[in-house]
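Asks: First, the structure itself, so that you have it in front of you.
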Amino acid sequence: MKIGSKKPQVVLYLNGDKPTLPNDYQHLRGAELSQAILLSNNNNWRKILTLFAKLTAPDDDWRSYLHRHLLAEQQISFNQELLATASKHIIAGKSNWQRFGAYFQEDSAIHQRKRIYFSNNRLFTPYLDYRQFPNNLVADCRQLLYPH
């Protein structure tokens, strides 16, 4: 299952409960899809979308980005394969990391920065929850996603 843009720049990979969506969710545009998720689901999905917006917004106005552009430009995937056309991949949650072949002790191409592991265009992060993903970790992750 995939939610959001068909041609995303960044894909967030999750391994857990999927949001409740209307039957015609594939036809909803980004803003409509974000609203449908926020209205039809628990606070966990508000946290996920908020943190995903904070990670991928082009500037500090992540709130506007969440409600207008997030799912029009990015994607959330529950699949176990990387989307080849995406430029960045965020693999969230330790239980999800091994689905994507992340064996950190054995792979010298994977580096660590605080609680984020990264290699080329892949970031292995904690699950998107405020307790595990405070703003300073969001800032570190943004630097890895968008190095200047």
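The values are calculated or read from the model by the stated rules, or taken from the named source; none is laboratory data. Bear in mind the structure is a predicted one, so any value in this text is a computation, not a measurement. Glycine gets a Cβ as well: all are built from the backbone with ideal geometry, and neighbour counts include every protein chain shown. Only protein heavy atoms, including side chains, enter the accessible area calculation; ligands, DNA and RNA are left aside. Shrake-Rupley method; radii C 1.70, N 1.55, O 1.52, S 1.80 Å.
Asks: Can you compute 3J(HN,Hα) from phi for each residue in segment 80-85, using the Karplus curve 6.51 cos²θ - 1.76 cosθ + 1.60 with θ = phi - 60°, rounded to whole Hz and x for Gly and Pro?
Replies: Rounded to whole hertz, the list is 9, 10, 6, 7, 4, 7.
Asks: Okay, next question. In what sequence, largest accessible area first, do His67, His27, His148 appear using a 1.4 Å probe?
Replies: I get His148, His27, His67, largest accessible area first.
Asks: Assuming R0 = 30 Å, what is the FRET efficiency of Tyr25 and Arg115, from their Cβ-Cβ distance, to the nearest 0.05?
Replies: Working from the Cβ atoms, E equals 0.40.
Asks: Straight-line reach only, C-alpha to C-alpha below 17 angstrom: list the aspartates and glutamates that Lys94 could link to, leaving out same-chain residues fewer than 8 apart.
Replies: Partners found: Asp17, Glu81, Glu106, Asp107, Asp129.
Asks: Straight-line reach from Lys6: which lysines fall under 19 Å, measuring Cα to Cα and dropping same-chain residues less than 8 apart?
Replies: Of all the lysines, those that pass the test against Lys6 - Cα under 19 Å, at least 8 places apart if same chain - are Lys18, Lys88.
Asks: Describe numerically, in nm with one decimal, the distance between label points set 7 Å from Cα along Cα→Cβ at Glu32 and at His67.
Replies: 1.8 nm
Asks: Residue by residue, what Karplus-based ³J(HN,Hα) values in Hz, rounded to whole numbers, does segment 9-19 have, using 6.51, -1.76 and 1.60 with θ = phi - 60° and x for Gly and Pro?
Replies: Values, residue by residue: 7, 10, 10, 9, 9, 10, 10, x, 5, 8, x Hz.
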